[in-house]
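Engineer: Sharing a structure here in structure tokens format.
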Amino acid sequence: YGFLPVASLGINYGQVGSNLPPPDKVLDLLSSLKITKAKIYDTNPQILTTFANSNVELIVTVENQMLAVVMDPQQALQWVTTHIKPYYPATKITEISVGNEIFTDDDTSLIGYLVPAMVSIHGALVQLGLDKYIHVSTPNSLAILQESFPPSAGSFKSQVSATMSQYLQFLANTGSPFWINAYPYFAYKGAPNNVSLDYVLFNKNPGMVDPYTKLHYDNMLYAQVDAVVYAMFRLGYSGIEVRVSETGWPSKGDPDETGATPANAAVYNRNLLRRQMRNEGTPLRPNTKLEVYLFALFNEDMKPGPTSERNYGLFQPDGTIAYNVGLSALSTTSSTSSSSSSASIFLTSSADKVKS
């Protein structure tokens, strides 16, 4: 089995587990799945070395606690010289994520560090002649949105808008994408009686029509992406591509985590993969194929928080399948769940975050 090669599909390779396979086995697994894009949450030298001369493109991360350091241009140059330059271009590093979900982090001081850190990291890439090959951006939680329904009402929270404008200007100047960690699961878990399960799982459903744009949405993920596009419009930015840095569905959860089942996880990821194979765009940007990184490759037993946090993986750490995604069924028609479609479908921008 294996995913058919999909140019716009990647996967998150988290390492917060006690018994994960070594990087060479992970590379074999990615090859067997025909996945050629992955994201890690650090610059683990063992991974960067192992992935050299492979066909896997890699997004690497400056950890949140390093932002205050790499704000300084000299420190940023030192960081890139140490963590990127020795491995590139043998290892196909395509992007540096500066932090993770900084705008919504509990440490609010990080917001002030974000743009200066990005500018310094980019400046270091310029000095080393790497800026044309490696982008600089950061993944954002959907909790940055004040309004997200309907998508055309999308707007950022006022407390982040000043820094958000500087961040968007940086992305516009450097041609970098706006990344979001988007989890329709959170919306369903938060209001299972009001959110249609078929709508969040990409199953056949009536969908919703944005009353202002008349665009029809048949799944929540695309609505979430377009809400971010509209939020950027409101700050005067129209040309920045939105990509999904994390999305997925947990196969296990606590008693209060409605919908966290192997069956729902299989349907969500299978239907998402089927959409990716079509190279689809969202209703607002139908001609721009949506780039998506699944969360995650492995279940990670050392992650804190509710049970779901440790159960987003397609695979167990020993390489066995966590649940049957039904990859051989990808060519068949979309499956439908037995849940009744609720007439009321709305989009929440949950403050819940998946911490990596």
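The values are calculated or read from the model by the stated rules, or taken from the named source; none is laboratory data. For clarity, every value in this text was computed on a predicted model and none was experimentally measured. Cβ sites come from the backbone with ideal geometry, for glycine too, and all protein chains shown count toward neighbours. In case anyone asks, the SASA skips ligands and DNA or RNA and just uses the protein heavy atoms, side chains included. Shrake-Rupley method; radii C 1.70, N 1.55, O 1.52, S 1.80 Å.
Engineer: If you take the residues of the stretch 185-237 that are among the polar types (S, T, N, Q) and modelled with pLDDT of 95 or more, which of them is nearest to TYR167 (Cα to Cα)?
Structural biologist: Filtering first and then ranking leaves GLN224.
Engineer: Within the stretch 171-181, restricting attention to residues that are open to solvent by 20 Å² or more (accessible area, probe 1.4 Å) and either in a helix (DSSP H, G or I) or in contact with a Gly (Cβ under 8 Å, 6 or more places away or on another chain) (or both), which residue is farthest from GLY253 (Cα to Cα)?
Structural biologist: ASN173
Engineer: Just to check your reading of the model, which residue among THR332, THR336, THR282 is at pLDDT below 95, in contact with an Asp or Glu (Cβ under 9 Å, 6 or more places away or on another chain) and among the β-branched types (Val, Ile, Thr)?
Structural biologist: Unique residue meeting the criteria: THR336.
Engineer: Right, another one. Do we have ARG274 as without any contact (Cβ under 8 Å) to a residue 12 or more places away in the chain and under 20 Å from the mean Cα position of the chain (by Cα) here?
Structural biologist: When the stated conditions are applied, ARG274 does not pass them.
Engineer: Still on this model: Residues that are under 19 Å from the mean Cα position of the chain (by Cα): find the helices (runs of 4 or more DSSP H) completely inside the stretch 22-88 holding 1 or more of those.
Structural biologist: Output list reads 23-33.
Engineer: Just to be sure, is ASN269 open to solvent by less than 40 Å² (accessible area, probe 1.4 Å) and either of a type outside the set (Asp, Glu) or out of contact with any helix residue (DSSP H, G or I) (no Cβ under 9 Å at 6 or more places or on another chain) (or both)?
Structural biologist: Spelling it out, ASN269 is indeed open to solvent by less than 40 Å² (accessible area, probe 1.4 Å) and either of a type outside the set (Asp, Glu) or out of contact with any helix residue (DSSP H, G or I) (no Cβ under 9 Å at 6 or more places or on another chain) (or both).
Engineer: Another question, if that's okay. For residues that are in a helix (DSSP H, G or I), among the hydroxyl-bearing types (Ser, Thr, Tyr) and open to solvent by 10 Å² or more (accessible area, probe 1.4 Å), scanning just the stretch 153-170, find the one that is nearest to GLN78 (Cα to Cα).
Structural biologist: The extreme case among them is THR163.
Engineer: Give me the pairs, please: first residue somewhere in the stretch 86-110 and on the phi > 0 side of the Ramachandran plot, second residue anywhere and crowded, with 22+ Cβ neighbours inside 10 Å and part of a loop (DSSP other than H, G, I, E, B), beta-carbon distance under 8 Å, and either six or more positions apart or on two chains.
Structural biologist: GLY99/THR138
Engineer: While we're on this one: Given the structure, is SER18 in a loop (DSSP other than H, G, I, E, B), among the polar types (S, T, N, Q) and in contact (Cβ under 8 Å) with a residue 40 or more places away in the chain?
Structural biologist: Here the answer is yes, as SER18 does meet what is asked.
Engineer: Among the candidates ILE96, ILE111, which residue alone is at pLDDT 95 or above and either in contact with a Gly (Cβ under 8 Å, 6 or more places away or on another chain) or outside any strand (DSSP E or B) (or both)?
Structural biologist: ILE111
Engineer: So which residues in the stretch 182-218 are without any contact (Cβ under 8 Å) to a residue 40 or more places away in the chain and either touching a Gly at 6+ places or on another chain (Cβ under 6 Å) or surrounded by 23 or more Cβ atoms within 10 Å (Cβ to Cβ) (or both), if there are any at all?
Structural biologist: ASP218
Engineer: Within the stretch 62-80, identify whether any single residue is touching a His at 6+ places or on another chain (Cβ under 9 Å) and within 20 Å of GLU246 (Cβ to Cβ), and answer yes or no.
Structural biologist: Checked the stretch 62-80: at least one residue is touching a His at 6+ places or on another chain (Cβ under 9 Å) and within 20 Å of GLU246 (Cβ to Cβ).
Engineer: Please tell me if ALA52 is open to solvent by 10 Å² or more (accessible area, probe 1.4 Å), more than 15 Å from LEU297 (Cβ to Cβ), in contact with a helix residue (DSSP H, G or I) (Cβ under 8 Å, 6 or more places away or on another chain) and not polar (S, T, N, Q).
Structural biologist: Judged against the criteria, ALA52 is not a match.
Engineer: Given the residues VAL229, VAL244, which is the only one that is open to solvent by less than 10 Å² (accessible area, probe 1.4 Å), of a type outside the set (Phe, Trp, Tyr) and part of a strand (DSSP E or B)?
Structural biologist: VAL244
Engineer: Looking at the stretch 106-152, which of its residues are touching a strand residue (DSSP E or B) at 6+ places or on another chain (Cβ under 7 Å) and open to solvent by 30 Å² or more (accessible area, probe 1.4 Å)?
Structural biologist: HIS122, HIS135, GLN146, GLU147
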